[in-house]
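Take a look at the structure set out below.
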Amino acid sequence: MKPCEGAGSRLPGDGARCSLAGEQRCCEGPHSAGDPWKECMDTAVQLALRAGQVVRKALTEEKRVSTKTSVVDLVTETDHYVEELIISALREKFPSHSFIGEESTSTGSKCLLTDGPTWIIDPIDGTCNFVHRFPPVAVSIGFAVNRELEFGVIYHCTNEKLYTARKGQGAFCNEERLHVTKETGIKNSLILTEIGPKRDPATLKLFLGNMEKFLTFQAHGIRVIGSATLALCLIASGAADGYYQYGLHCWDLAAATVIIREAGGFVIDTSGGPLDLMSCRVVAAGTMELARSIAHELQPIDYGRDD
């Protein structure tokens, strides 16, 4: 079964579609009849699949690569093209909405989360993987209203897996309901992380020290796959137990946070407190006990804030 078929049969909130009235569409406000965000969710799925086709084709082609914050923080023409594809389509359909995109932010747009409907987009998560044709590459689209995350859509471009979740309505991969693991301690857990773009000696010492600590506590293993959104989806699907990272941005986190929460998991700040989407730091796990245990052991790495 193709991802779009699975998504169509199992996407949450299959209420009646609202009709259009001029430029005001059903997901431009909370007062519409029925499900106010269903059209937004449906549109996000369609655009993620469409963008995924572009990314999958581009994987086989030559790429023009440039850098952003460091020599290992990569960006390609495809990143820019896919982000423009998604945002232009959304802006045409939902003109009153706001947008936070990785590449537009890197070129000077403000990264501001307001109370209005806001799309948070990572056109290619795993750009380094994409450049090297390493398979974990994803398109991520999150959606927030009143600064609360409403839904998330993540498409694994090479495996054609579509991860979707609506707040209060469950998380799915294609047709299958997702469930986290119930591991409560670091010992015997499989933990995922990412390296981040800062490679100065002090940052590397902290990063490697965190890994060493978890291995000393007898974690079964630590994995780095090069795509934060897909790593977080592995937490949601029960393929790993915990995740932590410093240097993760809101566009990496938004969609995946909804998916993990709706799969029964927890996403928190590295301090052990509630998640701050703009703080560039996160811990996620299937249980709050494991999330807090991981957070308690971490040495902090300062990446500033997205806002």
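The values are calculated or read from the model by the stated rules, or taken from the named source; none is laboratory data. Remember, predicted model here, so these are calculated numbers, not experimental data. All Cβ positions, glycine included, derive from the backbone under ideal geometry; neighbour counts span all protein chains shown. For the accessible areas, the whole protein counts, side chains as well, though only heavy atoms, and no ligand, DNA or RNA atoms are used. Shrake-Rupley method; radii C 1.70, N 1.55, O 1.52, S 1.80 Å.
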Taking the range 171-198 and keeping residues more than 28 Å from Tyr303 (Cβ to Cβ) and either of a type in the set (Lys, Arg) or surrounded by fewer than 17 Cβ atoms within 10 Å (Cβ to Cβ) (or both) leaves Glu175, Glu176, Arg177, His179, Lys182, Lys187, Asn188
In the range 182-226, anything in a helix (DSSP H, G or I) and among the basic types (Lys, Arg) is listed as Lys205, Lys213
Between a first residue in the range 63-89 that is without any contact (Cβ under 8 Å) to a residue 60 or more places away in the chain and a second residue that is basic (Lys, Arg) and open to solvent by 30 Å² or more (accessible area, probe 1.4 Å), which pairs have beta carbons less than 8 Å apart while being 6 or more apart in sequence or on different chains? Leu74/Lys68; Val75/Lys68; Thr76/Lys63; Thr76/Arg64; Glu77/Lys63; Glu77/Arg64; Thr78/Lys63; Leu85/Arg50
Residues being touching a Cys at 6+ places or on another chain (Cβ under 8 Å), open to solvent by less than 50 Å² (accessible area, probe 1.4 Å) and either modelled with pLDDT of 50 or more or assigned to a helix (DSSP H, G or I) (or both) - total across the range 10-34: 2
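Identify all residues within the range 40-73 that are of a type outside the set (A, V, I, L, M) and assigned to a strand (DSSP E or B); write none if there are none. Let's see the steps before the verdict.
The first filter runs over the range 40-73 and keeps only residues of a type outside the set (A, V, I, L, M), leaving 40, 42-43, 46, 50, 52-53, 56-57, 60-64, 66-70, 73.
Selection gives Ser66, Thr67.
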Got a number for residues in the range 74-114 being within 20 Å of Ser279 (Cα to Cα), open to solvent by 30 Å² or more (accessible area, probe 1.4 Å) and assigned to a loop (DSSP other than H, G, I, E, B)? 6
Go through the range 223-282 and give me each residue that's over 23 Å from Trp119 (Cβ atoms) and aromatic (Phe, Trp, Tyr). Tyr243, Tyr244, Tyr246, Phe266
Got a sec? Which of Val65, Val45, Val54 is among the aliphatic types (A, V, I, L, M), over 19 Å from Pro197 (Cα atoms) and surrounded by fewer than 19 Cβ atoms within 10 Å (Cβ to Cβ)? Val54
Which numbered condition trips up Thr193, out of (1) in contact (Cβ under 8 Å) with a residue 60 or more places away in the chain; (2) within 26 Å of Val55 (Cβ to Cβ); (3) not small (Gly, Ala, Ser)? (1)
If you take the residues in the range 242-272 that are open to solvent by 20 Å² or more (accessible area, probe 1.4 Å) and part of a loop (DSSP other than H, G, I, E, B), which one is nearest to Arg292 (Cα to Cα)? Gly272
